[in-house]
Amino acid sequence: MDGPPRTMTATNTFAAKTIAAVRIATGVIFLFFGEYKIAGSQWAHGGFESWIHGFINAGTPVDFYKPFLVHVVLGHPMIFAWMVGVGEFAIGLSLVSGAFVRAASVGGGFYMINLALTTWFSPGHGVPVWRYLGANLNHVPLLFLFAIFFAARAGETWGLDGMVLSRSRRAPAQDSTSTV
């Protein structure tokens, strides 16, 4: 059913600005997390590795994920430490600037899923499901935020994604039948 073109209502504008403000605040947090990991040497030279060993020794990873942590991640701890630090910083930069927010949201969601798989059993094995969700309150809500940023195209309000989009909408259409 065709109808009149949609217009941005005051509610939609307020919602878009609210999501943009949350996107920017989340980005600042990720900038801080990534910065300390890439600016100092402690994270890449032992900090990350001991962090992963702590999870494994405590028995917190999901069973199918533990071999990946043991054989792949701990097999190359410096590479994964730098991937985490640079990834967090890139996510933060993207969210703050509003550039490539959908791509950063996919990356951030992937990262949160990996963290949840690594820490899932922190309350122990065989406890009620709500305890696992409660123990992952620092990963699951961020996963939801990344889903919201992706679905809402959060970079289009107060972000470079929106500037690029508005510029592309203003560009004159090229007539492919004209000759020069």
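Every number here is computed from the coordinates shown, using simple stated rules; none is lab data. None of the values given here were measured: they were computed from a predicted structure. Counting neighbours? That spans all protein chains shown, and the Cβs are built from the backbone with ideal geometry, glycine included.
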Sequence ranges 20-33, 151-164, ranked by mean other-Cβ count within 10 angstrom, highest first
151-164, 20-33
Quarter of the surface of the C-alpha convex hull for the chain, i.e. direction-averaged projected area in nm², equals 16.8
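With an 8 Å Cα cut-off and a minimum separation of 6 or more residues, compute the relative contact order for the chain in percent.
Details: 197 pairs, mean separation 49.8, N = 180.
Here the relative contact order equals 28 percent.
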Have a look at the stretch 23-70 and give its Rg and Dmax from the Cα atoms, expressed in angstrom.
13.8, 36
